[in-house]
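**Q** Sharing a structure below in structure tokens format, with a few things to ask.
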Amino acid sequence: MKILIVEDERKTGDYLTQGLAEASFVVDLARNGMDGVHLARTEDYDLVVLDVMLPGMDGWEVLRAIRSAGKTMPVLFLTARDQVEDRVKGLELGADDYLVKPFAFSELLARVRSLLRRGKAKEPEMLRAADLELDVLRRRVTRAGRRIDLTAKEFALMELLLRRRGEVLPRSLIASQVWDMNFDSDTNVIEVAVRRLRAKVDDDFEPKLIVTVRGMGYVLEVPDQA
Ligand code: CA
């Protein structure tokens, strides 16, 4: 099992590296966020131990960069601040667990082992509707076997529609889930994004999957074959 530690404090970094190596893990240590992201993207880790307070690129940005590269390994956050906002923010960004500094090494080891057990159970996830396929882990979409290139936002929108297929999704919900913003009635960001997504995944194909429900929002539906 291979673990990446991202920690700028020399003592803590060395101590964690040594402790985890003694517990038979293969360990890489990054002393800043940039190196952490680079390693996380290029190597295969089973888990990342990530310090929140890093100079330059902080832990939030590191986590976002790791997730946007399609990496789904569990991430254990180390935070000096035991604050509710931190936890909420971290969980929204895809952190899997927290440890508040200072902590006992035995506690860290227990969390690491528990996350690794959970992580193992995760299967590569494939979402499908008719002949459209979305590979969650590899960030790939195909329709009728043809690879379709989507932007990060289009991909997030497609994933949301697929996960909640059959459910009419109001624009406000799409705005908060995909754009991380509150819905502003003046904006047509969502309409534009849906139009672009349709042009890529629906225009050249049958059946049409993305349906507009006037005055309500959008729904992904697979029409019954007559
Ligand atoms: Ca730090």
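**Q** Could you list, ordered by first residue, the pairs with Cβ atoms under 7 Å in which the first is in region 158-172 and polar (S, T, N, Q) and the second is open to solvent by 70 Å² or more (accessible area, probe 1.4 Å), at least 6 apart or interchain?
**A** Taking only residues 6 or more apart or on different chains, the pairs are Ser172/Phe183.
**Q** For region 4-20, give me the residue count where each residue is more than 10 Å from the ligand (Cβ to nearest atom) and open to solvent by less than 50 Å² (accessible area, probe 1.4 Å).
**A** Here the count works out to 6.
**Q** If you don't mind, there's one more thing I want to ask. If Phe25 meets every condition in (1) open to solvent by 80 Å² or more (accessible area, probe 1.4 Å); (2) under 20 Å from Leu99 (Cβ atoms); (3) out of contact with any Gly (no Cβ under 7 Å at 6 or more places or on another chain) apart from one, which number is that one?
**A** If we test Phe25 against (1) open to solvent by 80 Å² or more (accessible area, probe 1.4 Å); (2) under 20 Å from Leu99 (Cβ atoms); (3) out of contact with any Gly (no Cβ under 7 Å at 6 or more places or on another chain), just (1) comes out false.
**Q** Here is a further query. Quick check on region 105-118. Is at least one of its residues within 16 Å of the ligand (Cβ to nearest atom), at pLDDT below 90 and exposed (fewer than 15 other Cβ atoms within 10 Å of the Cβ)?
**A** no
**Q** Out of Asp51, Asp46, I need the residue that is within 17 Å of Asp96 (Cα to Cα), of a type in the set (Asp, Glu) and touching a Pro at 6+ places or on another chain (Cβ under 9 Å). Which one?
**A** Checking each option against the conditions leaves just Asp46.
**Q** In region 36-83, what residues are away from the ligand (no atom under 16 Å from the Cβ) and more than 12 Å from the chain's Cα centre (by Cα)?
**A** Answer for region 36-83, where residues must be away from the ligand (no atom under 16 Å from the Cβ) and more than 12 Å from the chain's Cα centre (by Cα): His38, Leu39, Ala40, Arg41, Thr42, Glu43, Asp44, Tyr45, Asp46, Leu47.
**Q** Further question on the same structure: Quick check: is even one residue across region 148-155 farther than 20 Å from Arg67 by Cβ, of a type in the set (Ser, Thr, Tyr) and open to solvent by 50 Å² or more (accessible area, probe 1.4 Å)?
**A** No, because not a single residue in region 148-155 is farther than 20 Å from Arg67 by Cβ, of a type in the set (Ser, Thr, Tyr) and open to solvent by 50 Å² or more (accessible area, probe 1.4 Å).
**Q** For region 21-35, which residues satisfy the criterion of being within 16 Å of the ligand (Cβ to nearest atom) and in a loop (DSSP other than H, G, I, E, B)?
**A** Arg31, Asn32
The values are calculated or read from the model by the stated rules, or taken from the named source; none is laboratory data. Model, not experiment: these values are computed from the prediction. Ideal geometry is used to build each Cβ from the backbone, glycine not excepted, and the neighbour counts take in all protein chains shown. Protein only, heavy atoms only, side chains kept; ligands, DNA and RNA dropped before computing areas. Shrake-Rupley method; radii C 1.70, N 1.55, O 1.52, S 1.80 Å.
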